[in-house]
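Novice: Just passing along the structure, written as structure tokens.
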Ligand code: BGC
């Protein structure tokens, strides 16, 4: 059911990494509809990023949008991205640390490149962006009329931050690492009024898992893992992210919010054990 967005993020600026597709795209749009300025980061698909930015401009009365190409695992590119957002919008209030990849392989066949690239993008990329965001929050200082928090960081993690995943060890290791990154940052910067949380999506219908949901057998097998019995949609995550970035969730920090249709409820035990 469509409900009018609440305009909860007016006068705030948000960077969404990996904002040109999948979950990042839906979050960029949801945050834009709340009135924020949005920098849509992309790695390869410029046209898709431009489309997201144009949609945000069209859907918002007050927010503006820009695109920026950057590989989040590269320090100089992350620094340039934050500088561009600050140059255009004045500051950054919200970071959606979303960009992520999978490079799957049986563990004994996994190459060092496959291991390293996934750790670089999914974990080191989130470190580099979080560090740049916190530096900017501290430089800018509180703006009490804009938000109760100095800044908000939302890591996009996965159910695989707690569910082991055979054949995807590089991915699960990176997501497990995000728990400690997120909680340690929440602990370190709470006194500065910086909120740091994760959203841990389950199976969301995006290009990253198309090989699973695009066949009837794949989808049927997937349903055995989801008590709520439907695949998630990117907008399921977009709505939670907009709320988690807003003052409505001001007392939440250091937490992973699972948005997974119950995937983390051990559905294998429904009629077993
Ligand atoms: C992965 C998807 C997978 C889902 C549930 C996500 O983090 O990227 O490929 O479908 O977890 O297993």
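Novice: Just want to confirm a number: the relative contact order over the chain, from Cα pairs under 8 angstrom separated by 6+ residues, in percent.
Specialist: Relative contact order for the chain comes out at 19 percent.
Novice: Quickly work out the residue 250-to-residue 102 label distance, labels modelled 7 Å from Cα along the C-beta direction, and quote it in nm with one decimal.
Specialist: 4.0 nm
Novice: A follow-up question, please. Cut-off is 10 Å between beta-carbons; in what order do 192, 168 appear when sorted fewest neighbours first?
Specialist: Least crowded to most crowded, the residues run 192, 168.
Novice: What 222 nm value per residue comes from the helices of the chain, counting each DSSP H run with n ≥ 4 as -39,500 (n - 2.57) and dividing by all residues, nearest 500 deg cm²/dmol?
Specialist: Theoretical 222 nm ellipticity from helices: -12500 deg cm²/dmol.
Novice: What is the order of 67, 86, 94, fewest Cβ neighbours within 10 Å to most? Please report the intermediate quantities before stating the final value.
Specialist: On the way: 67 21, 86 17, 94 29.
The fewest-first ordering by Cβ neighbours comes to 86, 67, 94.
Novice: Quick check on the exposure proxy: order 31, 23 from fewest to most C-beta atoms within 10 angstrom.
Specialist: Going from sparsest to densest Cβ surroundings: 23, 31.
Novice: If each residue of separation counts as 0.36 nm, what is the full-extension length gain between residue 51 and residue 217 once their alpha-carbon separation is subtracted? The partial results should precede the final answer.
Specialist: Working: separation 166, 0.36 × 166 = 59.76 nm, distance 3.31 nm.
Here the segment from residue 51 to residue 217 would lengthen by 56.5 nm.
Novice: According to the Kirkwood expression over distinct Cα-Cα pairs, how big is the hydrodynamic radius of the chain, in Å?
Specialist: After inverting the mean inverse Cα-Cα distance, the result is 18.8 Å.
Novice: Based on the mean of other beta carbon atoms within 10 Å per residue, what is the order of 117-129, 261-273, 198-210, 98-110, most packed first?
Specialist: 117-129, 198-210, 98-110, 261-273
Novice: Could you work out how much longer the chain between residue 117 and residue 88 gets when fully extended? Use 0.36 nm per residue separation minus the Cα distance between them, nm to one decimal.
Specialist: Here the segment from residue 117 to residue 88 would lengthen by 7.4 nm.
Coordinate-derived values only; no laboratory data. Note that the coordinates shown come from a computational prediction; the quantities given were computed from them, not determined experimentally. Cβ: placed from backbone, ideal geometry, glycine included. Neighbour counts: every protein chain shown.
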